[in-house]
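Each reported figure results from applying straightforward, stated rules to the coordinates on display, with no laboratory input. Here the structure is a predicted model, which means the values were calculated and not measured. FYI the Cβ positions are ideal-geometry reconstructions off the backbone, even for glycines, and counts take in every protein chain you see.
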Amino acid sequence: MEELKIGDKVTAIYKTGKYIGEITEIRPQHYLVRALAVLRHPMQGDIHHPKDMSVGIFHERRALAFREQANIPFKMVKPYEDDILEYKTSLKTAVDKMIQELSEESTPWAEKSLEFMHILEKDYLK
């Protein structure tokens, strides 16, 4: 496995979302990664029970904000060498893709997720 260092551009998976970011610190079991773009918007609901409506609380899951940092386990971080999209453009693309995928699925989970995604979409566009 290639050893990553501070300043490297990477892809990182965090709570079902996928991001392009930059390593800002190396910790014993995690990289601290600063989000620069969104590749996949996080799924809605309980991350421990994906696509399950029988959970106590159905969580709204927001994407990491531009330059927000998160501790991400080493195994969830990979090198990235392509161009980095502008954050707002990447977020809109990720939201549009998630909405399209949810629209094609007719389950109670997808319907509730779609409702949350439309709320998030309006909030992101402010």
>> If A65 meets every condition in (1) surrounded by fewer than 17 Cβ atoms within 10 Å (Cβ to Cβ); (2) part of a loop (DSSP other than H, G, I, E, B); (3) over 13 Å from the mean Cα position of the chain (by Cα) apart from one, which number is that one?
In response: (3)
> With respect to K112, is the statement that it is closer than 20 Å to Y31 by Cβ, part of a helix (DSSP H, G or I) and more than 15 Å from the chain's Cα centre (by Cα) true?
Replying inline: no
> Can you name the number of the only condition in (1) in a loop (DSSP other than H, G, I, E, B); (2) closer than 18 Å to I13 by Cβ; (3) out of contact with any strand residue (DSSP E or B) (no Cβ under 7 Å at 6 or more places or on another chain) that K97 fails?
Replying inline: (1)
> Scanning for something assigned to a strand (DSSP E or B), touching a strand residue (DSSP E or B) at 6+ places or on another chain (Cβ under 7 Å) and without any contact (Cβ under 8 Å) to a residue 60 or more places away in the chain, does the range 77-93 turn up at least one residue?
Replying inline: no
> Restricting attention to the range 29-48, does a residue exist that is small (G, A, S), in a loop (DSSP other than H, G, I, E, B) and surrounded by fewer than 18 Cβ atoms within 10 Å (Cβ to Cβ)?
Replying inline: no
